[in-house]
Every structure is written in C-alpha cells, then in structure tokens.
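Working notes for the structure below.
The values are calculated or read from the model by the stated rules, or taken from the named source; none is laboratory data. Predicted model, so just to flag it, every value in this text is computed and none were measured. Glycine also receives a Cβ, built like all others from the backbone with ideal geometry; neighbour counts cover every protein chain displayed. SASA here: full protein model, heavy atoms, side chains in, ligands and nucleic acids out. Shrake-Rupley method; radii C 1.70, N 1.55, O 1.52, S 1.80 Å.
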Amino acid sequence: MRVCLFEDCEVAGLEPLTLTRPAFDLLCGQTSLAAKQFRHFCPAERGALVRPHLAEVVAEPGVAVNDLAWLRAGPLAMVNARWLPPPLPARAVDLDRPFVALVGEEVAYAVVGPEHLGDGLDGLDDWPRSWKKLPTRDAGGQLVRHLWELVDLNAEQIAADWSAGGACFPISSNGPAVVGRRQWLAIDPTARIDPMVVADTTNGPVVIDREAVVTAFTRLEGPCYVGPRAQVHGAKIRAGTTLGPESRIGGEVECSIVQGHSNKYHDGFLGHSYVGEWVNLGAGTQNSDLRNDYGAVRVMVDGRLVATGRSKVGCFLGDHTKTGLGALLNTGTAVGAFCNLLPSGGLLPRHVPSFSTVQNGGLTENADLSELLQTAAAVMRRRGRALTAAHANLYRALLAQTASQRQQALRDAEDRPRRRSA
C-alpha cells in the first residue's frame, strides 16, 4: 500500500503549533499523529503533502514530499493530517476500488487513483471536496480541529498506544515505588530512575522511554508518558501528560503536551496546555486553566476568537517562545512563535502574535530575525542540535506570513487605552 498524508485548509485551527510543523507531527499520547496514521495502514511507501514553506523541513529519506509524479504513480490512500485514527490497525484496504472514509462530513482518508488528483498542488484544498462524490465509508476515530482537543484526548491516547503495543519495555523490579498495578509501568532499560520516585498507575499506564532521567521526589500519575531523553526533576506529573523528547521538566504539570526540547526546569504550574519546541518557561511561570466563574473559555486562533466549549483550557505556546521569571499566563492564552513574555506583576495578554515581545504590559514587535536566529542556534547547541538552513528559511517565511496579525495586534494594543478612557 502507498499512503500520503495531506494537510487541508483546517490546519490553521491548530495554530500556533502548526505555524512551524505539519499537523501530522503533533503529539497525542505516546506518538505523533503521523505515527498513528502509518501504524493504522502499515504502508510500503510513504508520502506527504504539506504547505510549501514546510516542505524543506519535512523532507526525509524514504518520504516523497509534495511530489506530484509520485502521487500519480498509482492508487494510494490520501490521509488527512488531522485524523486521529481508531486504535486498531485497518484491515487490508482494496486499492482497486476508490472510496472515501468520513468522520461526520469531513474526509479522514480516501483511496484514489491518478484520475482523482488535480492538475497541480495549488488546488489541493479542492481535492477532498471532489472525493466526497466517491462511495463512502465510516472512518472511525476523530478529526481534530483545535489544540485543546488533543489535550483532552491525550490521556486516552496514552492508554490506547499502550494497548496497541506502544510500550514493550520489560517490567522493572528495581524501579520506582508503584501505587496501583505494576504491570502498567513500563521503563526502558536505558532510562535512569532515582530512588524516592513514585509511579501511580491506578488510572492508567506510566511509560518512561529510552535514556529518560527521573530524579528523586518525582510523582508520575498515569496515564502519562516521558519521552526519549526527557528529564523530570522532582516534579508532579499529573494524569494525561506527554513530555516530548529531550524536555526538561520540574514543578507541576497536569494534562498537558510538551512537543519536545523545551525547558520548564523550575517550579511553576502548567495545566491543560500544549507547548511547542525550544520553549523556555522561566522560574515561577504559572498558567491558569480555569476561570474564576467556571465559565467556558475562548481562545484566539488564526486571528479570531474561538469558543472552546470547555471550562478547563490552559495555554498554547509556539516554538522558541520564552517567559520571564514569575510570568502569569491567563486562561486560554495563545502565543505564537519567537515571542518573549516578560512579567508585569499581573496577567499577561491572552493573545500574543508571533515575533512579539510583551514588556511592562505593552506589546512591541520583535522582528530582528538575525538576532532571534542567533539565540535559537545557541539554545539548540545546548542540546547538541544545530539550527539548519531549512529551519532558518522557514522562520524567515513565517515572519512575513504573520506580519498582518502582528500589525493588527499592535493597533488593538494602541486603541485599548483610548477605548477605556472613552
């Protein structure tokens, strides 16, 4: 089977994380959406259709990216990047009979031939609409539209990945103290677990992946997942939490996803949130995930306020964003990439566009890309990584793409004192 993951126009609803990555690279449970989608189909050949500015950073050996000739080489399954498939692998899919699999009215995947693909990649958004004319099936699973949906689904996806064989590590007899079922504890043999660590598996599995480090006085409540080379330092990790690779985490984290390579080393609370890569949360950074009146939370997404229908919503932080000492993040905060949030003694703005600084409660543009890239390169070197030319090109394109949102936010910030005085 040949499988191609494609992004549709709805990936903007998953910002700010999808500003710098395709939707299928988002984490939920123990793996990315892409890993779940490929696990569902077990393809022999893999491809991806992503937004043009992401093609260079997505490229990897064995994956055809934005390659129309590869797409037209024969029948294949086109899989929506936002699809969270059911946990069980699909039965053998007949590629000789085109059909479309739906979740509600949306296309989860379609089995198509070259005749069902447009003349060029510019018309990609029209392809799923044309596929709806094909015979239909129920896809199962879910199509996610917003980040808070991934956060809400994270606990059950950790458990589903466990059931699907996502963790095959031997049970450790010399691991942490266990509250609950020891068979729900999985520790990779290369991980280091200090004494005085507690794993609570009462409500789900606790999984600690390769070369992870968990230091003394940490409590891990399942379902939770500690990714490869992540470090957990005397922290309270509550249920529903995924810590991506090479994250460094302290304090209290509840029902949140950290994409990876991010730093929350010190005390502070992170709850019902999704944090991107290369983010640094300064000591004492706290976020609210519940309004005082217990009302439903609204979040700014792609330039518009979206009603979440939920009372528990934290913050969503784009890549390379940083907070200062003691920063206070309001309920439903959305912050773009390359932002700098400096504390003002009160709650910071709930919406900060990419490449912006909040200082003394005011918003300014932070568009010196050369300086930002120097800082990003220094941060990545500390983890043994290099800032590639592909990522530099991506961030350069992103600076231009987000200019209008930034200018609108600056105008709104200037008008706000006038409206108050009036």
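Key figures
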| item | result |
| --- | --- |
| Test: residue in the stretch 365-377 that is in a helix (DSSP H, G or I), small (Gly, Ala, Ser) and within 25 Å of residue 289 (Cβ to Cβ) | no |
| Residue in the stretch 231-242 that is at pLDDT 95 or above, touching a Leu at 6+ places or on another chain (Cβ under 8 Å) and not in a strand (DSSP E or B) present | no |
| Pick from the stretch 38-57, criterion part of a helix (DSSP H, G or I) and within 15 Å of residue 165 (Cα to Cα), ranking: most open to solvent (accessible area, probe 1.4 Å) | 39 |
| The stretch 378-395 - residue that is of a type outside the set (D, E, K, R) and either in contact with a strand residue (DSSP E or B) (Cβ under 8 Å, 6 or more places away or on another chain) or not in a helix (DSSP H, G or I) (or both) and, of those, farthest from residue 336 (Cα to Cα) | 384 |
| Residue among 409, 378 that alone is among the aliphatic types (A, V, I, L, M) and open to solvent by 30 Å² or more (accessible area, probe 1.4 Å) | 378 |
| Matching residues in the stretch 262-277 - criterion: being in a loop (DSSP other than H, G, I, E, B) and buried (at least 24 other Cβ atoms within 10 Å of the Cβ) | 262, 272, 273 |
| Test: residue in the stretch 39-48 that is at pLDDT 95 or above and not charged (D, E, K, R) | yes |
| Check on residue 152, in contact with a strand residue (DSSP E or B) (Cβ under 7 Å, 6 or more places away or on another chain) and touching a residue at least 60 places away in the same chain (Cβ under 8 Å) | no |
| Check on residue 352, among the hydrophobic types (A, V, I, L, M, F, W, C), surrounded by 13 or more Cβ atoms within 10 Å (Cβ to Cβ) and under 22 Å from the mean Cα position of the chain (by Cα) | yes |
| The stretch 112-145: number of residues that are assigned to a helix (DSSP H, G or I) and not hydrophobic (A, V, I, L, M, F, W, C) | 10 |
| Residue check for residue 188: acidic (Asp, Glu) and either under 18 Å from residue 259 (Cβ atoms) or in contact (Cβ under 8 Å) with a residue 24 or more places away in the chain (or both) | yes |
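For (1) at positive phi; (2) touching a Phe, Trp or Tyr at 6+ places or on another chain (Cβ under 9 Å); (3) surrounded by 20 or more Cβ atoms within 10 Å (Cβ to Cβ), each residue gets a yes or a no:
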| position | (1), (2), (3) |
| --- | --- |
| 193 | no, no, yes |
| 201 | no, yes, yes |
| 255 | yes, no, yes |
| 299 | no, yes, yes |
